[in-house]
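Taken together, the values in this text are just the output of simple stated rules run on the coordinates, not laboratory data. Note that the coordinates shown come from a computational prediction; the quantities given were computed from them, not determined experimentally. In this analysis, Cβ positions are derived from the backbone assuming ideal geometry, glycine residues included, and neighbour counts consider all displayed protein chains.
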Amino acid sequence: MRLFAVGVTHRTAPVELRECIDFARAGLEPALSALTSRGVAQEVVVLSTCNRAEIYAVADDDRAGEAFGRFISDYHRVPWDRLAPHVFEHRGPDAAGHLFRVAAGLDSLVVGEPQILGQVKEAFATANGLQHAGAVMHRLFDTAFSVGKRVRSETGLGEGAVSVSYAAIALARKIFGDLTGLEVLILGAGEMAKLTGVHLQAQRVKQLTIVSRTISSSDALARQLGGRALPWAQLADALSSADIVISATGASEPVLTRAGVEDTMRPRRSRPLFVIDIAVPRDVEPGVGDLDQVFLYNIDDLRSIVKENLARRTAELDRAERIVAEEVARFATWMQSRDIIPTVIALRRRFDAVRRAELNRLEPKLAGLPPEARARVDEITHLIVEKLLLTPTEQLKGLTDEAMMVTYADALNRLFGLSSEEARTPAIEPRRGQKAS
Amino acid sequence: MTIIAWLPVLLYGLAAAAYIAHFAQREPRVGRAATALLGAGVLAHTFLIGMQTVTAGYAPLVGTTAAVSAFVWLLGLAYLYIELSTEERAMGAFVTVLMAALAILPALNPGVESRPPLLRSPLFTIHVLSLLFAYASFALAFVLGITYVLLFKEIKAKHLGFFYARLPSLQVLDMMNARAIGVGWALLTAGVIVGAVWATQVHASPDPHARAMSVADPKILLAVLSWAMYSFAFFARGAIGWSGRRAAWLSAIGFVIVLLNFLPVGYFLTRSHNF
């Protein structure tokens, strides 16, 4: 019994190829059914996002990896020759490690992005809902979720905005805390102004005001964003009530001068003003930033924050990788301890078979007993078997050393004459999907 | 007795180390350990004060050293309340350092001073406790003010770094500062009024302390000064919009006066409060 992870990711395949292999497009359910109907795998989970299409599976055959690769090729009608060079295959602990890194965002295009954990959870829930996930997948994905959580809480990997708009919003939060009660003024009605407006709207600010030179375009943007438009002449009024100003006009001269902002600051008292100048050339005189309660950031400032955050995330990689390695080791130990399970089951079956055979043999003598006494005999013999097997079962399940496990299994096979057929019986009951084949 | 007297200092010191480590590395386990250590320190301190109360038969509030001990204990309680209600540990690094340093004074001199007849009034206990609680609030306001200024400078200078990653928002710091000043000011006002009433009651007493009770005494003078300072801080916020950085500076200066009054003046200069 082996764990496999097979598929393509943004690291192994170009986007033209990944586009063709989108399990999610037609729904995961048919893909899972088609895969299990091949009878190669005992447990299957399919993870499909725009950056990856991956199959996690438990199979007996060592060559199952290629079978999964060929399934991807057949299912999406991509010739195997074209696909094969881009398919990765991990086995055993490496496969677990791969999933843990994916769940933690370590394998993401933007390292540390949080969405992937939700996608991994969904992938597992879908497979589990269709009864394709057994004990191994449960353990594997539960561990993956906790790795994702640990990496998020114990390292700075997910911290710091990595896009200019989020950097601006993170700054605003650091200044104002909650953004819901704030008034936002947007200068300009172009594409940049709109983009930032959409982001702020998502933060549910109290009031969005748009001021631009042409009232018709600011009206249009205000309608789109659910804000209000004011004529250019009322800029000073709008400025005095604003908490955040985003300037994105196409003007070649500064729109906000130091003197102009200073005038509106006086009645504000100590209420801070956050000015974000994303226009090029700049809309806001640099001197505005020297005013007492004004925080002025331009597009370059925000870009350098993003750059620093990305660098910091990279620095946290080591800590995250250590967490992954820890959990992989723990999972590998657990997986190994499962190798003994077929032997345990065979042993139990053997004992129970002896019990039943003896009861059958004694049937004529037992027939005279009243039904309750007959039931007691059944129960007592069953209990004896259970008690005899309790300690050996615990001992066997506690084994972690592979060589020791083989020795024990061998010895048990010989001592109790466990047939290889019995010992090979899979630990997990066959799933419904598999019987269809 | 000495071991029990030093135990709070030790635990506060360990808590301070843990809070600083947590502030630097942001390891959640270290943060929880810091809170646990501080909690243990406050418990040990509670036990110590309780034992002193039982032994002496009155609350150990006589003399500056005992007052420092009670102040540290109240500060620990107030800080723990704020931490548990806001889930915010960043302030702990500053508060516990102050606590550990101040807790050394009572540990060096663990005995309970005998209580002169002058102080056998319930007004005395109310006076001391409300003032110490006010001081604890001002200590928190001071820490909040300092961190506000540090964070403000980082954002203003566009060097988002150490404090940016560790402190709550400016708005939250400012709001907590306002609350701490508000609570502190109310208790300070109450403490001073009770003190004044009590001083007029005992004015005829033969005790030389009673006759030294006047605004000319440095301890009382500085107390009135700090009351004026915090009254300004309290009302200026609403009336003339002195919030944010100005409020932060006011709470820093205010606490410096409080600390001066508490330690050097309390130990060496006053003739009315040197019990």
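Things worth noting here:
- Distance cut-off 36 Å, percentage of C-alpha pairs in the protein assembly as shown lying past it: 63
- Under the combined filter of DSSP loop state and at most 15 neighbouring Cβ atoms within 10 Å, region B:181-275 retains these trypsin sites (Lys or Arg not before Pro): B:ARG271.
- The separation of region B:167-224 from region A:159-201, counted between C-alpha centres, amounts to 45 Å.
- Folded to 0 to 90 degrees: helix A:164-176 orientation relative to chain A principal axis, Cα: 80
- Candidates A:HIS132, A:HIS86, A:HIS382: whichever shows maximal mean-square fluctuation once chain A is modelled as a Gaussian network with Cα springs under 10 Å: A:HIS382
- Count of lysine pairs in the protein assembly as shown with Cα separation under 20 Å (8 or more residues apart, or interchain): 10
- Dipole in debye (nearest 20) - region B:1-115, about Cα centre, beta carbon charges: Lys, Arg +1; Asp, Glu -1: 100
- For region A:164-305: rounded, prolate or oblate by the Cα gyration tensor [a/c cutoff 1.5]: rounded
- What the phi angles of region A:362-370 give under the Karplus curve with 6.51, -1.76 and 1.60, with θ = phi - 60°, is a coupling list of 8, 3, x, 6, 7, 4, x, 6, x Hz, glycine and proline written as x.
- Counting only alpha carbon atoms, the long axis of helix A:135-154 and the longest principal axis of chain A meet at about 30°.
- Annotation: average projected area of chain B is 14.6 square nanometres, based on the convex hull of Cα atoms across all directions.
- Beta bridge orientation in the protein assembly as shown: antiparallel %, DSSP, nearest 5: 50
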